[in-house]
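See below for the structure under consideration.
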Amino acid sequence: MISILKNNQNFTPYVFYSIFLKEIVESINENGYLMFKLVEFGDEREFDSNYRIEPITIPLLLSLSEQLSKYYKEPIELLLYKNNATKKVLNFLYKSDFFYVAGNNKNSLYPLGRNILKFEESFLGDFIKKDPRPEHRVRCYSITDYELSSKMQKYKSEDERRDFLISEYVYIVRDHFQELLFDNTNTSARADYYVELLSELITNGVLHSKSNTFALMFVNKFSTKFSISDNGIGFEESLKSKSESFLYKPFELKNKIDELKILNINSKILNNLHVLFETLYYSALKDRRGLFDLMISVVLGSNGYFRLHSDNSQIIISNRMHKELKELSLLRDNLFNIHRDILVNNLIDNQFNEKMLEIKNDLMVSFLNLYKKICNKYNNDYRYSSIRFNNVKFRGVHIEVEIPIS
């Protein structure tokens, strides 16, 4: 039985990746099955226990629970406790809709339950008077919601389906997150831009990952934090489906990175890291804003943090890489402006091929330089490096950003 929340330990993304996932695997290997306890000491030590959870870990926890429920072909049991030590965290989880999303709720007035955790519902409700902000709720997006799947059938091509989904999610994302974006001076002036980016990422999640996508945004007096998580096919399988074009050949950056051999890391785990770089590179070549642009906006535009995790690897991008990111950003803007001119003015793109290829080649060189810098810092002192490796594979795509208030 695994305790999710430990006494006097904040359940953060770092704890989730570095400690919690390892405990999950050890329990499964030892017992063959798995049960969760919400808190370490249950009904014991209720007056000297303190349990805390970082809100942006909630999508991660839901994504993991969904993976496990698929593996066991039934919801995972979660033991709840209602006492003085647990009432605050229970109150937050309950009012953030965690239990509605994770359970078997079918009431249309609340989020549809995904039936991935089973728990005693009598423990929920009637907690404390203090309510969290109503916008601080976990969201679940699926191709089966809002009749999206049936509506998409009238569109023939993947691009048409994608455009339809993005147009739908722009309104949904605006409704879910715009108020929170307005509460941060670093995001309020670009609220529409962030709505566009988040709509793109959620569309990627439900369309390409072939799974539910969980997301939560949280604002306090210090920062805006956002987490989005799915347990779908992951970046590598998604990239394999990309068609070769004059501008992009699948895994062309990764193949060059593979040849560098800077890190002495297990090849399978290292492959995951290289796929992350390939994904950001591919995003920087696209004719629509997406993952790369989110990274640049968060880090260069707001001096924030951007974390991208898939399988066994994670990269953490910050302003410590300002020079390399600035170079990448300028190249991306130049390329995107050409894409936009072609679209807006209905131009024949062949006349721009030479210029676009020149920018693309410069982007590849800049990504290689960024990779070398990050890896060299890892070799010098991995504890303070921008990359993390885990022995436990956490399937899917997991994005976390932190944007300072000022």
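Counting alpha carbon pairs within less than 8 Å and at least 6 residues apart, what relative contact order, in whole percent, applies to the chain?
Dividing the mean separation by the residue count of the chain yields 15 percent.
For segment 57-133, state which trypsin sites (Lys or Arg not before Pro) are in a DSSP loop and have at most 10 other beta carbons lying within 10 Å of their beta carbon.
Those that pass, being in a loop and sparsely packed, are 73, 106, 129, 130.
So how do 324, 66, 74 line up by other beta-carbon neighbours within 10 Å, fewest first?
If I rank by nearby Cβ atoms, fewest first, I get 74, 324, 66.
So what's the Cα pair-distance distribution over segment 219-287, bin width 5 Å, in %?
Each 5 Å bin holds this share of Cα pairs: 3, 13, 22, 19, 14, 12, 8, 5, 2, 0.
How many angstrom separate the Cα center of segment 81-138 from the Cα center of segment 306-372?
So the two Cα centres are separated by 42 Å.
Please list 3J(HN,Hα) in residue order for segment 293-309, calculated via the Karplus relation 6.51 cos²θ - 1.76 cosθ + 1.60 where θ = phi - 60°; whole Hz, with x for glycine and proline.
5, 4, 4, 5, 5, 5, 7, 6, x, 9, 6, x, 10, 10, 10, 10, 10
Once every DSSP H run of n ≥ 4 in the chain is given -39500 (n - 2.57) and the sum is divided by its residues, what mean residue ellipticity at 222 nm do you get, rounded to the nearest 500 deg cm²/dmol?
The helix contribution divided over the chain gives -14500 deg cm²/dmol.
Hey, fewest Cβ within 10 Å first, where do 110, 248, 378 land in order?
By the 10 Å Cβ count, ascending, the order reads 110, 248, 378.
Can you give the alpha-carbon Rg of segment 1-119 over 2.2 N^0.38 Å, where N counts its residues?
Dividing the Cα Rg of segment 1-119 by 2.2 N^0.38 Å gives 1.03.
Write down the Kirkwood hydrodynamic radius of the chain, to one decimal in angstroms, obtained as one divided by the mean of 1/r over all alpha carbon pairs.
Result for the chain, one decimal place: 22.4 Å.
Using Cβ counts within 10 Å as a stand-in for footprinting exposure, how do 244, 278 rank, fewest first?
So the ranking, lowest neighbour count to highest, is 244, 278.
Looking at the chain, what % of its DSSP beta bridges pair antiparallel, to the nearest 5?
Roughly 80 percent of the DSSP beta bridges within the chain come out antiparallel.
In the structure displayed, which of 268/377; 37/73; 256/373; 242/268; 156/355 lie more than 27 Å apart, Cα to Cα?
As for pairs spanning more than 27 Å Cα to Cα, those are 156/355.
Laboratory data are not the source of any read-out in this text; all were calculated from the coordinates shown. Nothing here was measured: the structure is a model prediction, and the numbers come from that model. Cβ: placed from backbone, ideal geometry, glycine included. Neighbour counts: every protein chain shown.
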